[in-house]
Amino acid sequence: AAQEGFDADEVESELAAAGHGPLPVLAVVGRPNVGKSTLVNRIIGRREAVVEDRPGVTRDRVTYEAEWAGRRFKVVDTGGWEQDVLGIDASVAAQAEFAIEAADAVVFVVDATVGATDTDEAVVKLLRRAGKPVVLCANKVDGPSAEADAAMLWSLGLGEPMPVSALHGRGTGDMLDEVLRALPEAPAQTFGAALGGPRRIALIGRPNVGKSSLLNKVAGEERVVVNELAGTTRDPVDELIDLGGQIWKFVDTAGIRKRVHLQEGADYYASLRTAAAVEKAEVAVVLIDASESISVQDQRIITMAVEAGRALVLAINKWDTLDEERRYYLEREIETELAQIAWAPRVNVSARTGRHMEKLVPALETALAGWETRVPTGRLNAFLGELVAAHPHPIRGGKQPRILFGTQAGTKPPRFVLFASGFLEAGYRRFVERRLREEFGFEGTPIHISVRVRE
Ligand code: GDP
Ligand code: GDP
């Protein structure tokens, strides 16, 4: 009865569009100015029109969802990654590194009107070594006369160059068909979970917060399991650690242990590592240094994890350094600066003394449970019905938009679709999220709410 204004097929197709299993990840890499961002925009174009709100998230996304021929996948835009501190070669290599670690397939974009450069050749080497499927996009082939330029790119040894004009859309359909052939149905990184394998944890935080110390503490005190479990030996950059009688997979520990300190662009590389680790993980432990002020960099790292839709645990490290006064200010700071993740379970730890290490596992379990929570449609609508009756949307311009019906379209993280009779203001959507959390928990997980409007 609550579904007035929608027919069953419509609801179903909206849900299919909003439903979220784990999606395979496509990375788009290439030199600056070859047209990566233009191509990504073309690939995701159709989905940008969806009215969507991600509470607490204000930053530009680098990961988008796309759909082609009925299949959905994620696209990582590396176009914004060119930074002044890095030379072109370094930034392109970093993209390739990301693609190697986090993507299931890669679109390598080359400017066909320029031809293959030394930088392009270098990336080809990296990509080949990774063994991930690569689709070669010969871009800026705006008309038939430029197709000969595309053919020249056979020389890269990546197979057939797909002639494309990202700007005009020419050839992008054929290229996307090729992408679908290259992409696995489900991301490789979730095979473990699908088979009941170990949960995947990323330890993230800015340099010197204590990631490697924490890792050593948990790996040192507990038995370190050598990669001997069947099916878990594929990725040598991860470590299996027995915590509280359960085996957990700490992803990208190689990156934490390596501690590469580059003079220039170190932060930049650190943030790429974080992005890659977060992509691979189910739950992220964000470390904050209690002895220092919470910084923009901390915020950015948290945003990355939230944006990626991962479960999240907040670990305030170096608790041993606190005196009364600092502790007072730290609490105020956490309250104001980390308000966007007020829902995350928090542990106050010291990687140095081992304080409260035993609280880590319960926090991880809480966050993962919230992340996987599914609210039955009946219960959700009973709740929404009461909510709307008690707190109707404010009247705007003589109209009063109303939530008609809602459903949880997915988990990991929980995703909701609300069908409404008009545009819901951001403030009201935040209110709905707050009440959803009060009612159903969702501790330790971002939740995603999209609104479909029937005008
Ligand atoms: P990125 O740095 O690789 O992300 O490249 P951009 O997407 O920002 O594109 C760089 C420039 O190339 C822009 O001026 C685009 O308009 C242009 N461009 C991108 N794709 C094409 C194309 O297919 N044909 C032509 N002629 N120009 C393109
Ligand atoms: P990473 O860069 O995040 O891996 O940080 P590290 O683990 O290398 O730690 C950076 C510095 O902080 C080192 O000097 C550590 O000894 C120190 N440190 C790490 N955890 C703690 C802690 O809990 N208490 C104190 N006092 N120092 C810590």
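None of the figures in this text is laboratory data; all of them are computed from the coordinates on show. None of these values were measured; they are calculated from a predicted model. Don't worry about glycine lacking a Cβ; one is built from the backbone with ideal geometry, like all the others, and counts go over all protein chains shown.
Starting from the 7 Å offset along Cα-to-Cβ, what nm value, one decimal, do you get for the label separation of LEU167 and ARG300?
3.1 nm
Kindly identify region 286-362 as rounded, prolate or oblate by the Cα gyration tensor criterion: order the square roots of the eigenvalues as a ≥ b ≥ c, call it rounded if a/c is under 1.5, otherwise compare a/b with b/c, prolate if a/b is larger, else oblate.
oblate
Using a Debye calculation, one point per C-alpha and no hydration shell, please list log10 I(q)/I(0) for region 402-444 at q = 0.13 Å⁻¹ in order.
-0.29
Using the Cα centre as the reference, give the magnitude of the dipole from point charges on the C-beta atoms of region 390-455 (Lys, Arg: +1; Asp, Glu: -1; all else neutral), rounded to the nearest 20 debye.
Values: 12 positive and 6 negative charges, 37 e Å.
Dipole about the Cα centre, nearest 20: 180 debye.
Take the Cα atoms of region 304-455, build their convex hull, and give its volume per residue in Å³.
That works out to 130 Å³ per residue.
Which whole-number percent is the relative contact order of region 266-321 (Cα, under 8 Å, 6+ apart)?
With pairs under 8 Å counted, the relative contact order is 45 percent.
How big is region 116-184 on each of its three principal axes, counting only the C-alpha atoms and giving the largest first in Å?
So the three principal-axis extents are 33, 30, 17 Å.
Taking R0 as 35 Å, what FRET efficiency do you get between ALA390 and THR336 from their Cβ-Cβ distance, rounded to the nearest 0.05?
On the way: r = 30 Å, r/R0 = 0.84.
About 0.75, to the nearest 0.05.
Going by how many other Cβ atoms sit within 10 Å of their own, how do ARG257, ARG129, ARG415 line up, fewest first? Spell out each step's value before the answer.
Numbers: ARG257 14, ARG129 10, ARG415 19.
Lowest to highest Cβ neighbour count: ARG129, ARG257, ARG415.
Sequence neighbours fewer than 8 away in the same chain don't count; with that in mind, list the lysines whose C-alpha is under 19 Å from LYS74.
LYS36, LYS132, LYS280, LYS412
Round to the nearest 0.05 the FRET efficiency obtained for ASN33 and ASN208 when R0 = 41 Å and r is the Cβ-Cβ distance.
So, using R0 = 41 Å, E works out to roughly 0.70.
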